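Here the structure comes first, spelled out in structure tokens, and everything after it is commentary.
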Amino acid sequence: MRYRPLGRTGIEVSTYCLGTMMFGSVGNEDHDASVRAIHTALDAGINFVDTADMYSAGESETIVGKALQGRRDDVVLATKVYFPMGEDPNRRGNGRRWITQAVEESLKRLDTDWIDLYQVHRFDPRTDLEETLGVLGDLVTQGKIRAFGSSTFPAERIAESHHVAERRALPRFRTEQPPYSLLGRGVETAVLPTCQRYEMGVLTWSPLASGLLTGKYRAGRPIDLTVGRAALSPHRFDQSIPENVAKLDTVEQFALLAEELGCTLPELAIAFPLAHPAVTSVIIGPRTQEQVESLLKGATLTLDDATLDRIDEIVPPGVDRYQVDGVWRPDSLTNPATRRRAVGDRAAGE
């Protein structure tokens with residue numbers, strides 16, 4: 001396993017990051033089996049583990065805490081905050097009140113004294129960036145976290161955060177965690193160049209595009225919408241929707257390319273993000289020990305320029321064939337009230 005600098009944090013991380021979203025009630029409910037899967041990754045040289053407070057309502061963090069007993073000093077541990085953790089409207093978001101409480105709860109579930117990388121899971125339009133950067137900087141000073149970053153921020157918000165930090169003499173986001181895959185290349189347009197501009201570490205998520213690049217879902221074959229990933233998000237897999245048929249046709253082209261290269265489709269998919277100079281580490285999200293072992297087999301796959309040119313022909317740079325739910329949809333697009341004047345104020349004349 002190779003290691004790369006995590007931006008300018010001084011931390012070195014493996015080029016595979018173990019994502020743990022599938023450990024817990026959402027995926028693998030067997031804690032012992034999940035711990036074994038994590039140990040398999042660590043034994044293979046992965047030193048970077050990413051989780052979040054909202055994964056299985058905190059259960060994922062608890063499992064990770066169990067797995068790291070006796071190994072904590074050797075692991076770069078990342079978790080996240082933002083999504084609701086209960087019905088209380090103040091148990092969510094990026095404000096000082098919630099982050100101060102949320103980090104303590106994560107530390108307890110993880111059974112650790114510190115978090116290496118604490119990330120805000122999404123941009124919070126209700127909270128000043130100055131407020132968020134301020135509390136995160138305080139947590140670094142207190143020794144509860146070592147560094148902090150953003151996750152799934154649009155490029156303009158990343159740039160804004162750095163301007164706010166400079167203006168207010170606050171610590172800044174050191175990393176960004178965007179979605180990036182063969183089917184979802186939108187971040188190449190502005191997000192990844194912005195991260196390079198500010199020398200941020202980048203750990204990318206969803207390299208398998210929510211399962212579309214696992215090889216399990218193929219064009220022209222029936223998809224059971226009641227089980228697995230398809231049951232969680234049937235709108236992504238329903239072949240009565242023309243856009244989904246087009247996605248599966250694109251998957252077929254990548255499957256053919258993988259066959260020509262002598263690798264599996266998942267191996268091709270995971271190798272792709274690592275070829276971009278902005279990317280530090282790609283998050284793999286297995287559910288079982290067997291899946292960890294299978295994904296590790298592709299760690300030495302190198303994509304040459306001819307292969308990357310073929311990929312560019314199938315899905316051009318900067319193009320999203322697959323749109324992740326909730327990504328790049330700011331309040332200005334999702335809330336009509338932000339883009340519509342009062343009815344009486346819309347006409348040019350009175």
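The values are calculated or read from the model by the stated rules, or taken from the named source; none is laboratory data. Keep in mind it's a predicted model, so treat the numbers as computed, not measured. Note that each Cβ is placed from the backbone with ideal geometry, even for glycine, and that neighbours are counted across all protein chains shown. In case anyone asks, the SASA skips ligands and DNA or RNA and just uses the protein heavy atoms, side chains included. Shrake-Rupley method; radii C 1.70, N 1.55, O 1.52, S 1.80 Å.
Things to note:
- Partner lysines for K66 [C-alpha distance under 21 Å; skip if fewer than 8 residues away on the same chain]: K80, K108, K144
- Spin-label model distance (nm) - E87 vs A44, 7 Å beyond Cα toward Cβ: 4.2
- Highest-fluctuation residue, E156, E188, E105 considered, GNM on the chain with Cα pairs under 10 Å: E156
- Computed from label points 7 Å out along Cα-Cβ, the spacing between V140 and S294 is 4.0 nm.
- Anisotropy class of the range 130-179 from Cα gyration tensor, a/c 1.5 cut: oblate
- Solvent-accessible heavy-atom area per residue, rounded to whole Å², over the chain at 1.4 Å: 47
- Shape category assigned to the range 8-55 from the gyration tensor of Cα positions, a/c cut at 1.5: oblate
- Percent carbon-and-sulfur accessible area, the chain, ignoring ligands, DNA and RNA, probe 1.4 Å: 48
- Neighbour cut-off at most 11 other Cβ (10 Å), DSSP loop, trypsin sites (Lys or Arg not before Pro), the range 46-151: R126
- Three-way shape label, the range 33-160, alpha-carbon gyration tensor, a/c 1.5: prolate
- Contour excess over end-to-end distance, with Cα ends at D345 and Q253 and 0.36 nm allotted per residue: 28.0 nm
- Read-out mean projected area of the Cα convex hull in nm², derived from the coordinates shown; its label in [x] 20.4; [y] 25.1; [z] 18.4: [x]
- With the simple spin-label model, which puts each label point 7 Å out from Cα in the Cβ direction, the K66 to S233 separation comes to 2.8 nm.
- Between the beta carbons of T100 and E160, assuming R0 = 25 Å, the FRET efficiency works out to 0.65 to the nearest 0.05.
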